[in-house]
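Engineer: A single structure is presented below for examination.
Please treat every number below as a calculation from the coordinates, not as lab data. Quick caveat, the model's predicted, so the values are computed rather than measured. Ideal geometry is used to build each Cβ from the backbone, glycine not excepted, and the neighbour counts take in all protein chains shown.
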Amino acid sequence: MIIMNTIVRNYFEKPRLKKTTVQKVVHYIEGEIKKGQLHAGDKLPSEAELCTLLNVSRTSVREAIKILESLTVVTVRRGDGTYIT
């Protein structure tokens, strides 16, 4: 009976969706902030460095930065870099 309940419950549960690469970048940066590796005023690595570090495309990094900027987690200073707010 327990096995049958588990099978039925698993059948009706929504499948877990894989994270997109943009979500992975956002999650990485948020994780670094939560771990205390990044603080307000700290400069993020360049787009190229994040691409290499996370093995993602530059487009994904740019989109993630736009999302974090809209959430006021980071500030982009054109020609200077991206900073934690």
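Engineer: What does the charge count near GLY41 come to, summing +1 for each Lys or Arg and -1 for each Asp or Glu among other residues with Cβ under 15 Å from its Cβ?
Structural biologist: -1
Engineer: For the peptides 59-70, 42-53, what is the packing order when you average, over each peptide's residues, the other Cβ atoms within 10 Å and list the highest mean first?
Structural biologist: 59-70, 42-53
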